[in-house]
Amino acid sequence: QVQLVESGGGLVQPGGSLRLSCAASGMDISINDMGWYRQAPGKERELVAAVTSSGTTNFADSVKGRFTISRENAKGTVFLQMNSLKPEDTAVYYCNAKISTLVRPRPTDYWGQGTQVTVSS
């Protein structure tokens, strides 16, 4: 069974930083793209940042220059470093990974449980 486990959310003041982590686990998995999405109250879930297995990154315009994404392929982990946080970054952040398994060889989206990030003074 594939699982994505997140950690690192919390409450931070405007201008502060947080680092989110996500670890994928499961038998005989092959991880393709990994990324982070977020969903604020009353809004749709949106892509924040993504990274391919070769390291190519993609960011939402609203976080460019403030957030970075990285991954450790050998450990199946992905990180989101968030700097210069703003109140509008407040949301539940979800880890996403496109994973192939022996049972499902076609890459399939898997999601973490979500972690709350609140930016407030």
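The values are calculated or read from the model by the stated rules, or taken from the named source; none is laboratory data. Quantities reported herein were computed from a predicted structural model and do not represent experimental measurements. Positions of Cβ are generated from backbone atoms using ideal geometry, with glycine treated the same way; all protein chains shown enter the neighbour counts. Protein only, heavy atoms only, side chains kept; ligands, DNA and RNA dropped before computing areas. Shrake-Rupley method; radii C 1.70, N 1.55, O 1.52, S 1.80 Å.
Select from segment 53-68 the residues that are open to solvent by 50 Å² or more (accessible area, probe 1.4 Å), under 12 Å from residue 82 (Cα atoms) and β-branched (Val, Ile, Thr) and list them in ascending order.
Within segment 53-68, 68 is the sole residue that qualifies.
Scan segment 85-106 residue by residue and report those that are of a type outside the set (A, V, I, L, M), in contact (Cβ under 8 Å) with a residue 60 or more places away in the chain and buried (at least 17 other Cβ atoms within 10 Å of the Cβ).
93, 94, 95, 96, 98, 101
For residue 109, are the conditions met, namely being out of contact with any Gly (no Cβ under 8 Å at 6 or more places or on another chain), more than 30 Å from residue 121 (Cβ to Cβ), modelled with pLDDT of 95 or more and open to solvent by 50 Å² or more (accessible area, probe 1.4 Å)?
Yes; evaluated as a whole, the condition is true for this residue.
Give just the number: which of (1) open to solvent by 20 Å² or more (accessible area, probe 1.4 Å); (2) under 24 Å from residue 119 (Cβ atoms); (3) in contact with a Ser or Thr (Cβ under 8 Å, 6 or more places away or on another chain) does residue 82 not satisfy?
Going through the list (1) open to solvent by 20 Å² or more (accessible area, probe 1.4 Å); (2) under 24 Å from residue 119 (Cβ atoms); (3) in contact with a Ser or Thr (Cβ under 8 Å, 6 or more places away or on another chain), residue 82 breaks only (1).
Listed here are the residues, each with its yes/no results for (1) in a loop (DSSP other than H, G, I, E, B); (2) more than 14 Å from the chain's Cα centre (by Cα); (3) at pLDDT 95 or above.
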position: 54; (1), (2), (3): yes, yes, no
position: 78; (1), (2), (3): no, no, yes
position: 99; (1), (2), (3): no, yes, yes
position: 103; (1), (2), (3): yes, yes, no
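State yes or no: is residue 71 under 15 Å from the mean Cα position of the chain (by Cα), open to solvent by less than 30 Å² (accessible area, probe 1.4 Å) and among the charged types (D, E, K, R)? It would help to see each step written out before you state the result.
Values: under 15 Å from the mean Cα position of the chain (by Cα): yes; open to solvent by less than 30 Å² (accessible area, probe 1.4 Å): no; among the charged types (D, E, K, R): yes.
No, not satisfied.
Can you report the number of residues in segment 24-50 which are closer than 15 Å to residue 93 by Cβ and not hydroxyl-bearing (Ser, Thr, Tyr)?
15
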